[in-house]
Amino acid sequence: VIGVALNRYVMQEALGDLVLPAIGGVLMYITLIAINFIRYDFRSEIDVMDGLKTLPISPMRISAAQFVAPTIVLSSIYIAVGLCESIATGRPGDTLTIAVLGLPFAALFTGIENATFLMWPVRMAFQGNMDLQHMGRAFSSFFVKFIILVPACGLAGAVGFGCALLLGSQFLGVMTAALVLAIEAVC
């Protein structure tokens, strides 16, 4: 709906060029906020963690199940925002770019989120229950995630940009960056 509404207005070329970086910022903000609302990962099961360890299922399968659902939900959000942007600007290639990069980025981010929680389990703070100790743990956890995510995304971006520059194809650059993100997510 937003894309159709924006499409009704004539976008100047300079404004159209700023839309994709702005959408990238919006997607990053949505990622940082939305991951806290998607409770398909280990954070919602901190009280039953001992029970999960006794299930006759391999830990790898439990981890995969906790990993797939948030990744798919975040990727769906990325694609929806990308469709809105494509409708607004009339550039369907941007949605493809967001979709190709969105899935491995969501997988990487979800993996980092789950790994940091499993290393340092912290209960979620509910309204009226915020204290200095919890804020310190939350900030430390966020800082560790940031320290891991930024170099990983920077490496993928640098490799993708270098590939696009050397081969002269933006599509191959995006695919290379997505491949590097996917490899980082698996590791």
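The values are calculated or read from the model by the stated rules, or taken from the named source; none is laboratory data. If you're wondering where the values come from, they're calculated on a predicted model, not measured in any experiment. Glycine gets a Cβ as well: all are built from the backbone with ideal geometry, and neighbour counts include every protein chain shown. The area values use the complete protein model at the heavy-atom level, side chains included, leaving out ligands, DNA and RNA. Shrake-Rupley method; radii C 1.70, N 1.55, O 1.52, S 1.80 Å.
Values computed for the structure shown
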item	result
Criterion (open to solvent by 40 Å² or more (accessible area, probe 1.4 Å), among the hydroxyl-bearing types (Ser, Thr, Tyr) and modelled with pLDDT of 80 or more) met by exactly one of 58, 44, 76, 63	76
Among the residues listed as 97, 176, the single one being within 22 Å of residue 30 (Cα to Cα), in contact (Cβ under 8 Å) with a residue 12 or more places away in the chain, buried (at least 16 other Cβ atoms within 10 Å of the Cβ) and of a type in the set (S, T, N, Q)	97
Boolean, residue 104 is more than 15 Å from residue 38 (Cβ to Cβ), assigned to a loop (DSSP other than H, G, I, E, B) and not hydrophobic (A, V, I, L, M, F, W, C)	no
Cβ-Cβ under 7 Å pairs, at least 6 apart or on other chains, region 137-155 side basic (Lys, Arg), far side surrounded by 12 or more Cβ atoms within 10 Å (Cβ to Cβ)	137/122; 145/112; 145/113; 145/116
Members of region 131-187 found to be part of a helix (DSSP H, G or I), of a type in the set (Ser, Thr, Tyr) and more than 12 Å from residue 112 (Cβ to Cβ), listed by number	140, 176
Check on residue 115, over 27 Å from residue 68 (Cβ atoms) and either at pLDDT 80 or above or of a type in the set (Val, Ile, Thr) (or both)	no
Of all residues making up region 167-180, the number that are farther than 19 Å from residue 21 by Cα and in contact with a helix residue (DSSP H, G or I) (Cβ under 9 Å, 6 or more places away or on another chain)	6
Among (1) over 14 Å from the mean Cα position of the chain (by Cα); (2) open to solvent by 20 Å² or more (accessible area, probe 1.4 Å); (3) β-branched (Val, Ile, Thr); (4) at pLDDT 80 or above, the one test that residue 89 misses	(4)
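Every residue, every condition in (1) open to solvent by less than 30 Å² (accessible area, probe 1.4 Å); (2) more than 26 Å from residue 49 (Cβ to Cβ), yes or no:
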site: 116; (1), (2): yes, no
site: 134; (1), (2): yes, no
site: 137; (1), (2): no, no
site: 140; (1), (2): no, no
site: 159; (1), (2): no, yes
site: 167; (1), (2): no, yes
site: 183; (1), (2): no, yes
site: 186; (1), (2): no, no
